[in-house]
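Here's the structure, in structure tokens; my notes come after.
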Amino acid sequence: MDTSPSPSPVADLTDGQCALDLGRPCAGHRAVNQHVWLVECDGQRTVYVRGIVLAQHDVNDRTERNVAIWLLAKGKYAKQTELAAAFGLTPRQVNRLCAAAARQGVAALIRKERGDKTPQTVALRVCRLRDEGRKISAIAQQVGVSSRTVYSILQERGYDPHDRPGPSQLGLAVDDEGTEANDQPVDAQPQDPAENLAQAQQDIVGDDLDKPEADVEFQDAQGVYGAGVLLAVAAEGGLLLQEARNVYGQLRRGIYGLRAFVQGLFAMAWLGVKNPESLKTKDPDGLGRLLGLSRIFEVKTLRRKLKETGARHKAMDWYHAMARRWVDEATDELATLYVDGHTRAYYGKRPIAKGWCARRRLCQPATTDTWTNDSLGQPLLRITHEAHPTVAQVLPQVLDDVRRLVGPARMTVAFDRGGWSGATFKKLVAEGFDFVTYRPGHHDLLPEDAFSQYTMPDGHKSEVMTLADTHLSVSGYGRARLIVIQCPDGKQTHVVASNQDAPAVDVVLQLIARWQQENFFKYMRQNYNIDAVVDYGTEPVEDREVPNPDHKALTKQLRQARAQLRRLQAQAQAQAASTAAQPTDAQRYTERRITAQTQLIDSLLRQRKAIAPRCMLSQTDRADEVKLSVDRKLCSDLVKIAAYRTECLLVRRIQGAFARNADEGHAFIRAVLQQTGTIRVDGWDVHVTLEPMSAPRFTRALQALCTAINSDDPVYPETRWRLHFDVRQNEDRHPNGTACQDPFSSDPVRHNTRSGGRTRCRTNI
């Protein structure tokens, strides 16, 4: 009998590899697909492809596992989804693994061994090293984390990342290169402790305290984009920087100090760089030439400076200092002030208080600012509120600030219907203000014989205005002046004022001119991005009284129940009028519903009476409410406001040289500020030559503006650099590119005229 042994499922191959009978897996395998399977035995995993061993590794060895997956995927032996299911991974993990190996080779599959990365142990180790006086970069390298992680840990634990205890504070000796004595090699020679202490103090001063700002050094440059910004810098005169220096002094560390910070924000505002992130798309070297620096600051540097100024909480002091400057410069424009609220919508995820956004006509998370503008529409004051008060609620506070700035002079305050309040009117008049506003609501039309024709001042489109000058009684205030405007279509608009002696036309024009403030809001949104969020920082809000949400819910239910009751009563009246004397089943059913609805209303009234109409914010579901950072936003907005006022100043400087100044003045100035030019340095004189503009009338106006600015002998703020401005003259050339030659002069005279659609060259005689 044949007793030869049965063939073993594993056979020895001549090349030393072990294989199954080709194509047949052994028992206990795990199939990846019909060609690939895995066998796990005694803690080892073997990968077979068509019976050939492709890889063998320890089950817990992730690096060898990653290599096996990569080999299977690269050889197209299995799909990534099949490999993910077989090796216990997700398809995304397998995809990332293969993509990393394709970019960096097999080295990307090697798993790096890391120490204990739990937050608690890492934080304790970081704090211990910081207490020893180590730098952030040294801590990051020793712990094995990024410098940003170390920075965040120090901030969370109450450390100031910019300050670190020096060796002298820790009682450590320091060698000439700033290395602690504890870190010296064994064979290092001991040094004099006095020398070590002096060197440590010098290192602390040079490394941890304020460094001087970089000096302004202008250099010759051609084709500098935005060279017209220097015109605005010269016109502004460095007032904003001067007040910032009085308030903030110096900023910490680095070449980008307060001067570079303020002037850089100015340049960004004038060149249309509406947020810090937009700096990434600009040429840093080109913008730096406008500041007299090698390059402008980066986004992270700007955000760090904003954070530093915001942490000092002095933005309002800076704002009030500038407001006093503006009041001193423009006393004539303060006879009439315009006050209105402006809502900045918020689209983020933080729990911000909701407010009414008139532009979108809905209630959404937002921040409300109350602005005060002068008679020309230029901003004077701005107050940010946590909640969303009406103009009537904030007017007394706003006018208290105005009174401290302006003094005892009597002024007229114009505002919209949101400021209607008899009690507020009484306070304004008692504090020496006159008011003018619109009367809210719908009112009966006045008869035609109550109106008269009033002549309009020069400069208005219409020559006459139809007005009715009378009086009315305002609840909480008393007798007030009522002026009714009759439009050509018969519509009547009611204007209420406290000034009984001023001409009716002047009172009406004061209120109509309030649209300058609305135009200011629109202009600042479009050109200066005044509504943008400067950063993502938030601040806690103070606990305050808010409407009780339970009371509001019952009030809403009560309103709906009363509306339903009115509908049922109207239905019952209609049924009674259409039927005979005997009530029908429908009528009796309606009466039962009316009775039930009346009982529901009585029940809701009792429930609402037991609940306080107002409660504290902390007692509602809005207890986690926060507000956006105020100081950083105010710093950024103050620079934009100063830039806008400088723009208005430049518009007034070209009033006699630019024909359409009223219509195109601001657009022209914006184009001038972005004009390319050449910078030439001669000693302490900086000559800025701007390129001609697109039309001759624009170039003539630009030349007139340069002449006006040069008459002021402008100097770059906080420096000795004197600025001079000019416009490059156009040059006429032949079609072949050669210059036209004046027959009476050896110098080429270049003109460019067009006749009949062809370019011809002429000479000056």
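The values are calculated or read from the model by the stated rules, or taken from the named source; none is laboratory data. As the structure is a prediction and not an experimental result, all values here were calculated from the model. Glycine also receives a Cβ, built like all others from the backbone with ideal geometry; neighbour counts cover every protein chain displayed. The area values use the complete protein model at the heavy-atom level, side chains included, leaving out ligands, DNA and RNA. Shrake-Rupley method; radii C 1.70, N 1.55, O 1.52, S 1.80 Å.
Scanning the stretch 81-114 for residues that are at pLDDT below 85 and either open to solvent by less than 90 Å² (accessible area, probe 1.4 Å) or in contact with a Lys or Arg (Cβ under 7 Å, 6 or more places away or on another chain) (or both) gives G105, V106, A107, A108, L109, R111. Would it be correct to say that L446 is open to solvent by less than 60 Å² (accessible area, probe 1.4 Å), closer than 26 Å to Y477 by Cβ, among the aliphatic types (A, V, I, L, M) and assigned to a helix (DSSP H, G or I)? When the stated conditions are applied, L446 does not pass them. Looking across the stretch 37-62, just one residue is open to solvent by 70 Å² or more (accessible area, probe 1.4 Å), within 18 Å of A85 (Cα to Cα) and more than 57 Å from the chain's Cα centre (by Cα), and that is E40. Out of L511, L565, one residue alone is assigned by the TED database to the domain that holds R417 and out of contact with any His (no Cβ under 8 Å at 6 or more places or on another chain). It is L511. Taking the stretch 479-577 and the strands (runs of 3 or more DSSP E) fully enclosed by it, the elements with 2 or more residues that are surrounded by 12 or more Cβ atoms within 10 Å (Cβ to Cβ) and among the hydrophobic types (A, V, I, L, M, F, W, C) are at 492-497.
Count of the stretch 654-669 residues, restricted to those that are charged (D, E, K, R) and either part of a loop (DSSP other than H, G, I, E, B) or buried (at least 20 other Cβ atoms within 10 Å of the Cβ) (or both), is 1.
Would you mind stating whether V672 is crowded, with 16+ Cβ neighbours inside 10 Å, touching a residue at least 60 places away in the same chain (Cβ under 8 Å), under 29 Å from the mean Cα position of the chain (by Cα) and assigned by the TED database to the domain that holds M268? So V672 passes the test. When G341 is tested against (1) open to solvent by 10 Å² or more (accessible area, probe 1.4 Å); (2) at pLDDT below 90, only condition (2) is not met.
Report, by residue number, each residue of the stretch 18-47 that is among the hydrophobic types (A, V, I, L, M, F, W, C), in a loop (DSSP other than H, G, I, E, B) and either at pLDDT 90 or above or within 20 Å of N60 (Cβ to Cβ) (or both). If the condition is that a residue be among the hydrophobic types (A, V, I, L, M, F, W, C), in a loop (DSSP other than H, G, I, E, B) and either at pLDDT 90 or above or within 20 Å of N60 (Cβ to Cβ) (or both), then V32 is the only one that fits.
The residue of the stretch 675-686 that is surrounded by the fewest Cβ atoms within 10 Å (Cβ to Cβ), among those that are within 35 Å of the chain's Cα centre (by Cα) and not in a loop (DSSP other than H, G, I, E, B), is T678. Against the criterion of being touching an Asp or Glu at 6+ places or on another chain (Cβ under 6 Å) and either at pLDDT 90 or above or outside the structural domain of L334 (by the TED database) (or both), Q250 qualifies. Within the stretch 590-602, restricting attention to residues that are surrounded by 13 or more Cβ atoms within 10 Å (Cβ to Cβ) and not charged (D, E, K, R), the residue that is modelled with the lowest pLDDT is T590. Considering Q587, Q597, Q675, the condition of being of a type in the set (S, T, N, Q) and under 30 Å from K556 (Cβ atoms) is satisfied by Q597 alone. Can you pull out the residues in the stretch 449-466 that are open to solvent by less than 90 Å² (accessible area, probe 1.4 Å) and either part of a helix (DSSP H, G or I) or closer than 19 Å to R479 by Cβ (or both)? A450, the sole residue that qualifies. One residue stands out in the stretch 312-328 among those that are among the aromatic types (F, W, Y) and in contact with a strand residue (DSSP E or B) (Cβ under 9 Å, 6 or more places away or on another chain): the one that is nearest to R382 (Cα to Cα), namely Y319. Taking interchain pairs and intrachain pairs at least six residues apart, which have beta carbon atoms under 6 angstrom, with the first residue in the stretch 548-559 and at negative phi and the second assigned to a helix (DSSP H, G or I)? Final answer for the pair search is L554/L604; L554/Q607; L554/R608; Q557/L604; L558/L604.
Against the definition (over 30 Å from L265 (Cα atoms), modelled with pLDDT under 90, within 34 Å of the chain's Cα centre (by Cα) and not aliphatic (A, V, I, L, M)), how does R544 come out, yes or no? Judged against the criteria, R544 is a match.
Name, by its number, the condition in (1) modelled with pLDDT of 90 or more; (2) open to solvent by 40 Å² or more (accessible area, probe 1.4 Å) that does not hold for L293. Single failed check for L293: (2). Considered as a group, the residues in the stretch 417-440 that are in a loop (DSSP other than H, G, I, E, B) and within 26 Å of R324 (Cα to Cα) include one that is most open to solvent (accessible area, probe 1.4 Å), and that residue is E431. State all residues of the stretch 709-732 that are in a helix (DSSP H, G or I) and surrounded by 18 or more Cβ atoms within 10 Å (Cβ to Cβ); if no residue qualifies, say none. Across the stretch 709-732, the qualifying residue is only I709. Looking across R417, R439, R410, one residue alone is closer than 22 Å to D506 by Cα, without any contact (Cβ under 8 Å) to a residue 24 or more places away in the chain and under 42 Å from the mean Cα position of the chain (by Cα). It is R417.
Listed by first and then second residue, the pairs linking a residue in the stretch 294-313 that is aliphatic (A, V, I, L, M) to a residue that is in a loop (DSSP other than H, G, I, E, B) and surrounded by fewer than 22 Cβ atoms within 10 Å (Cβ to Cβ), with Cβ atoms under 7 Å apart and 6 or more places separating them unless they lie on different chains, are L306/V534; L306/D535.
Annotation note: Cβ proximity below 9 Å between a residue of the stretch 461-472 that is at pLDDT 90 or above and a residue that is basic (K, R) (sequence gap 6+ or interchain) occurs for D469/R481; T470/R481; H471/R479; H471/R481; L472/R439; L472/R479; L472/R481. Looking across D374, D369, one residue alone is at pLDDT 85 or above, touching a His at 6+ places or on another chain (Cβ under 8 Å) and surrounded by 16 or more Cβ atoms within 10 Å (Cβ to Cβ). It is D369. K307 meets all of the listed conditions (1) more than 18 Å from D637 (Cβ to Cβ); (2) open to solvent by 30 Å² or more (accessible area, probe 1.4 Å); (3) out of contact with any strand residue (DSSP E or B) (no Cβ under 6 Å at 6 or more places or on another chain); (4) not acidic (D, E) but one, namely (1). Screening the stretch 344-366 for residues that are open to solvent by 10 Å² or more (accessible area, probe 1.4 Å) and part of a strand (DSSP E or B) and picking the one that is nearest to Q393 (Cα to Cα) gives W356.
Applying the criterion of being of a type in the set (D, E) and over 52 Å from the mean Cα position of the chain (by Cα) to the residues of the stretch 562-615, the residue that is nearest to E545 (Cα to Cα) is E591.
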